[in-house]
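Note sheet for the following structure.
No value in this document is a laboratory result; all are computed from the given coordinates. Here the structure is a predicted model, which means the values were calculated and not measured. FYI the Cβ positions are ideal-geometry reconstructions off the backbone, even for glycines, and counts take in every protein chain you see.
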Amino acid sequence: MTVPLTPDPQDLVQRLVASGEYASAGEVAREGLRLLEERRRLAGSSQAAFMRVLNEREVPLHYGVEELEQELRTLDASGS
């Protein structure tokens, strides 16, 4: 199967492969499709199921303004 890409996505795929993060354009496409499927699955899940996924990934469940501000300060300090 051949999928034509506009210049922006094509550049992204090339950068990801050139960086060594992915071995090929096909690998990038497979990861993108996997993430799309996961997003669709999560969008259709209940709040409880979504919270379980966040917990499994160790995402803070009570992420508030204070945590955001601390992360922004940390990023500023690191120059990111």
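Worth a mention:
- Normalised Debye scattering of the chain at q = 0.14, 0.15, 0.23 Å⁻¹ gives log10 I(q)/I(0) of -0.82, -0.89, -0.99, counting only Cα atoms as equal scatterers and leaving out solvent.
- The longest stretch of the chain left intact once loop-based GluC sites (Glu not before Pro) with at most 15 other Cβ atoms within 10 Å are removed from consideration, loops following DSSP, is 22-57.
- Sparse-neighbour loop sites [chymotrypsin sites (Phe, Trp or Tyr not before Pro); the range 13-80; at most 12 other C-beta within 10 Å; DSSP]: Tyr63
- Label-point separation in nm, Arg39 to Glu27, each point 7 Å along Cα→Cβ: 2.2
- Calculated mean residue ellipticity at 222 nm for the chain: -22000 deg cm²/dmol, from DSSP H runs with n ≥ 4 weighted as -39500 (n - 2.57), summed, divided by the residue count and rounded to 500.
- One decimal place: the segment Asn55-Ser19 gains 9.9 nm when fully extended, by the rule 0.36 nm per residue minus the C-alpha distance.
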